[in-house]
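Structure first, commentary second.
The values are calculated or read from the model by the stated rules, or taken from the named source; none is laboratory data. This one's a predicted model, so the numbers in the text were calculated from it and none came from an experiment. Cβ coordinates were reconstructed from backbone atoms using ideal geometry, including for glycine residues, and neighbour counts include every protein chain displayed.
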Amino acid sequence: MEKLLIEKVAVITGASSGIGKSISLLFAEHGAEIVVADIDESKGREVVQDIEKAGGNSFFLKCDTSQSKDCEQLIERTLEKYGRLDIAINNAGIAGDSAPIGDYSIEAWDKTIAINLSGVFYGMKHQINAMLKNEGGTIINMASILGKVGFATSSGYVAAKHGIIGLTKNAALEYAKKGIKVNAIGPGFIGTPLVENNLNDEEVEQLIQLHPQGRLGKPEEVAELALWLASEKSSFVNGAYYPIDGGYLSQ
């Protein structure tokens, strides 16, 4: 197997489960040194152990992405440990509350935007400054199919994911000539704890029926797309949004 990320340093937020975990494991398999960042310390350290058991190099940092200071310290600690930052995956996110806009609480809105949108801005702000020190890098922001279309009763999530795509395009325009690629991935509904812990079996089946391929996506499939975007194989891809949705957006 050709290893695509040898000697690269990658920070991955929301890395303790689901898509973030799959990206962490795959990137480590391809030679990257992984900073596992998550608010869940127990599960995050388990991912580090999995990486190290497979022969990789990793360490865990607790990070609440809704806090700018946490995002700043995450990058500072990464530079102290490895001396550089090559890849950043802004993946941390929550589903947020489910309610029509008129009934959506201010507290739920503030929390969802803080984690899902402001957290990506905080992350990029510090990641970009670190990458400029080593003349470039790659940032991948985890948006969603709901960054392109609406989804009733999920206004906080939908607004945040639309915002991520806008931030991605702006950052790409501002830093392309300085060697930084910034792209976004738009997963459909993926079989992760974010889906499984928030929906019952009937609701999951309803989601499955929304996808022309007749199933939910797998975290490992999203990880493969992230690997390509993080590698030199996508060297001319910048400011792009890549859906991975089993045909959802084609309808």
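Structure notes:
- Picking from residues in segment 1-21 that are more than 11 Å from the chain's Cα centre (by Cα) and hydroxyl-bearing (Ser, Thr, Tyr), the one that is surrounded by the fewest Cβ atoms within 10 Å (Cβ to Cβ) is Ser17.
- Inspection of segment 139-152 identifies no residue that is more than 24 Å from Tyr242 (Cβ to Cβ), surrounded by 15 or more Cβ atoms within 10 Å (Cβ to Cβ) and basic (Lys, Arg).
- Sole exception among (1) over 26 Å from Leu173 (Cα atoms); (2) among the small types (Gly, Ala, Ser); (3) touching a Ser or Thr at 6+ places or on another chain (Cβ under 7 Å) for Ser118, by number: (1)
- Asp50 without any contact (Cβ under 8 Å) to a residue 40 or more places away in the chain and in contact with a helix residue (DSSP H, G or I) (Cβ under 9 Å, 6 or more places away or on another chain): yes
- Within segment 214-228, residues that are of a type in the set (Phe, Trp, Tyr) sit with their Cβ atoms under 7 Å from residues that are part of a helix (DSSP H, G or I), at 6+ positions apart or across chains, in these pairs: Trp228/Ser234.
- Test: residue in segment 117-134 that is closer than 18 Å to Ser231 by Cα, modelled with pLDDT of 95 or more, among the basic types (Lys, Arg) and surrounded by fewer than 16 Cβ atoms within 10 Å (Cβ to Cβ): no
- Where strands (runs of 3 or more DSSP E) sit wholly within segment 1-120, those with at least 2 residues that are of a type in the set (Phe, Trp, Tyr) occupy 58-62.
- On the stretch given as segment 153-167, residues that are surrounded by fewer than 22 Cβ atoms within 10 Å (Cβ to Cβ), of a type in the set (Gly, Ala, Ser) and part of a helix (DSSP H, G or I) total 4.
- Picking from residues in segment 47-61 that are of a type in the set (D, E, K, R) and more than 14 Å from Ser22 (Cβ to Cβ), the one that is nearest to the chain's Cα centre (by Cα) is Glu52.
- Of everything listed in (1) out of contact with any strand residue (DSSP E or B) (no Cβ under 6 Å at 6 or more places or on another chain); (2) within 15 Å of Val195 (Cβ to Cβ); (3) not acidic (Asp, Glu), the single unmet condition for Pro212 is (2).
- Taken together, Ser42, Ser24, Ser68 contain a single residue that is closer than 23 Å to Glu224 by Cβ and either in contact (Cβ under 8 Å) with a residue 24 or more places away in the chain or out of contact with any Pro (no Cβ under 6 Å at 6 or more places or on another chain) (or both), which is Ser24.
- Screening segment 129-152 for residues that are in a helix (DSSP H, G or I) and under 16 Å from the mean Cα position of the chain (by Cα) and picking the one that is nearest to Gly163 (Cα to Cα) gives Gly147.
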